[in-house]
Amino acid sequence: MKTLALILAGGRGTRLDILSEHRAKPSVPFAGKFRLIDFALSNCVNSGIYDIGVLTQYLPLSLNDHIGIGKPWDLDRRIGGVTILQPYTGRKGGWYQGTAHAVYQNVNFIKKHNPKYVVVLSGDHVYKMNYDEMISSHIAKEADLTIATQRVAWEDAHQFGILEVDNNMQIIDFKEKPENPPSNLASMGIYIFTADVLIDKLESFCNQENSDFGHHIIPEMIENNNVFAYEYKGYWKDVGTLKSFWETNLSLTDPVPELNLYDKNWRIHTRTEQEPPAKFGSKGRAIESLISNGSIINGVVENSVISPGVVIEEGAVVRDSVIFNNTTIKKDSIVCKCIVDKGVVIEENCHVGFGNDYTSNLEKSELLTNGLTVIAKRAHIPANTQIGRNCRILSYVDQNDFEDKIVLSGKTVRHKVQDEVYTKLTVAK
């Protein structure tokens, strides 16, 4: 039995807003030392799948650099291994236009490997899953397509593809993000196809652009093929929003988190940062937190996730926050309920995430409502600055971009060049 895995990793992830402004969503850092794509890659190799194609498109550089030749996942092998599949020009080439279209553009890659089964995965979900068990179910039911599913909260069901099944778990209906969900059985975006059926469907229905599995392939197959649901009851999170990303990270600081990153029988592999051990100064301490290698902690960290190379100076306090690589939080500053991207400098005596004003972000009210403030890559926050709740501080801002020392809740601060572009676009609309 030969299985090929295809990981869809070309999405921008607009709901992650400024965290995915300079990187593809699957390459967003997670849990200190990992990237989101590490979970799909690790699940593949832990399930015995070593033929993997990663379909990239949007800002692929950091993702390509992270995966490399696949050595951390034991994918640097002579037979099999990982292949980066980027869009190309030429006959049948061009940008990927939807999930099914992306796979269709690489149909020759599938034919070359000649697999019996093809596993199609999203590269931006957090979970641990043995795909071999799902493949066994697919074979036992003589399915043409098996879709991994999980029960979700009814109030969240409208955000997912929703399935209806019969008593044998055969799918009888599928609705993509319905306003009034008929059930709460949600698609996890994990598909197992019998390879020859997949190739036939791609060549029959993906000759046009904008072809998506949820809209074009799955409904047609439910009508004409054997399509079954595989209900997965383990841990699985879609971290597609800033709120869910922040909550999922901080849940790892619980005494016994649902997601066990320390399970030696199912390791999550990653490209390790070449950093020395974490170091604590005489007044440095961390409570219910994850502290990554290369960090220097001279202040106080509470209920937070600290990535490699972070420096927290004496008197600084980081609480309920996620701090990405190589950020510096200087003396006597307070960071509360924030996501802080890579290479940020927060100067002395700042307070980021302060006050009881929870005004939603004025530009992105649908994304920031719960008091979470987000600081983008390489921003520089000047000394003595106060930044409220639900704020967005965009990339590369510096002291010249702050009109005063207080940024009210719901505000967005951007670099002056970015601000000019944003103003022109807003006027044009």
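Here are some notes:
- For LEU85, the residues 5 or more places off, or on other chains, whose built amide H falls under 5 Å of its own are VAL54, LEU55, THR56.
- Cα centre as origin, Lys/Arg/Asp/Glu Cβ charges: the chain dipole, Debye: 1100
- Most mobile listed residue (SER137, SER333, SER395) in the chain, GNM with C-alpha springs under 10 Å: SER137
- Note on LYS331 and LYS2: the extension gain reaches 112.8 nm, defined as 0.36 nm multiplied by sequence separation minus the Cα-Cα distance.
- Residue-count net charge about ILE69 - beta-carbon cut-off 15 Å; Lys, Arg +1, Asp, Glu -1: 0
- All other residues whose Cβ lies under 11 angstrom from that of SER47 are scored, Lys and Arg at +1 and Asp and Glu at -1, for a net of -1.
- For PHE280, the residues whose modelled amide H falls within less than 5 Å of its own, excluding neighbours fewer than 5 places apart on the same chain, are ILE297.
- Dipole check for segment 55-155: with +1 at the C-beta of Lys and Arg, -1 at the C-beta of Asp and Glu, and the Cα centre as origin, the magnitude is about 440 Debye.
- For the pair ASN108 and GLU314 in one chain, pulling the backbone fully straight at 0.36 nm per residue adds 68.4 nm over the alpha carbon distance.
- Lysine pair count for segment 62-189 [Cα-Cα under 26 Å; pairs on different chains or 8 or more apart]: 14
- Interchain or long-range residues, amide H under 5 Å from ARG35's placed H: PHE30
- Estimated distance in nm for a label pair at GLU247 and LYS264, the labels positioned 7 Å out from Cα along Cα-to-Cβ: 3.4
- Looking at the chain, the DSSP beta bridges with both ends there are about 30 percent antiparallel.
- Cα-projected label distance for GLU231 with ASN400, points at 7 Å along beta-carbon direction, nm: 6.0
- Helix axis angle, 242-251 relative to the chain longest principal axis, alpha carbon, degrees: 80
- Tilt relative to the chain, helix 416-428 - C-alpha long axis, 0 to 90 degrees, to 10: 60
- Per-residue surface analysis assigns PHE39 an accessible area of about 0 Å², computed on protein heavy atoms at 1.4 Å probe radius.
- Cross-link reach list, lysines versus LYS342, counting only Cα pairs under 22 Å and skipping chain neighbours closer than eight places: LYS25, LYS33, LYS243, LYS279, LYS330, LYS331, LYS364, LYS377, LYS411, LYS416
- Between GLU288 and GLU275, the simple spin-label model (points 7 angstrom out along Cα→Cβ) gives 2.3 nm.
- Over the chain: helical MRE at 222 nm, DSSP H runs n ≥ 4 each giving -39500 (n - 2.57), nearest 500: -5500 deg cm²/dmol
- Across segment 146-163, coupling constants 3J(HN,Hα) worked out from phi with the 6.51/-1.76/1.60 Karplus curve, θ = phi - 60°, read 10, 10, 6, 9, 8, 6, 10, 4, 4, 5, 9, 4, 5, 8, 10, x, 10, 10 Hz, and Gly and Pro carry x.
- Rounded to 10°, Cα long-axis angle of helix 195-205 versus longest principal axis of the chain: 80
- 3J(HN,Hα) along segment 263-271, derived from phi through the Karplus expression 6.51 cos²θ - 1.76 cosθ + 1.60 where θ = phi - 60°, amounts to 6, 6, 8, 8, 6, 9, 8, 7, 7 Hz, with x in place of Gly and Pro.
- Local electrostatic count, LEU261, Cβ distance below 10 Å [Lys/Arg +1, Asp/Glu -1]: +2
- Exposed loop sites, defined as GluC sites (Glu not before Pro) outside DSSP H, G, I, E and B with at most 13 other Cβ atoms within 10 Å, are absent from the longest region of the chain, namely 1-141.
- In the full protein context, the chain carries 45 Å² of accessible surface per residue, based on a 1.4 Å probe and ignoring ligands, DNA and RNA.
- Ranked by solvent-accessible area (1.4 Å probe, protein heavy atoms only, all chains present), the residues LYS342, LYS331, LYS25 order from largest to smallest as LYS331, LYS342, LYS25.
- With a Förster radius of 56 Å applied to the C-beta separation of LEU362 and LYS116, the computed FRET efficiency comes to 0.60.
- Farthest positive-ward along the chain dipole, Cα basis, beta-carbon charges - from VAL317, SER137, ALA278: ALA278
The values are calculated or read from the model by the stated rules, or taken from the named source; none is laboratory data. In this text, all values refer to a predicted model and were calculated from it rather than measured experimentally. No Cβ is skipped: glycine too gets one built from the backbone with ideal geometry, and neighbour counts run over all protein chains shown. Accessible surface areas use protein heavy atoms only, side chains included; no ligands, DNA or RNA. Shrake-Rupley method; radii C 1.70, N 1.55, O 1.52, S 1.80 Å.
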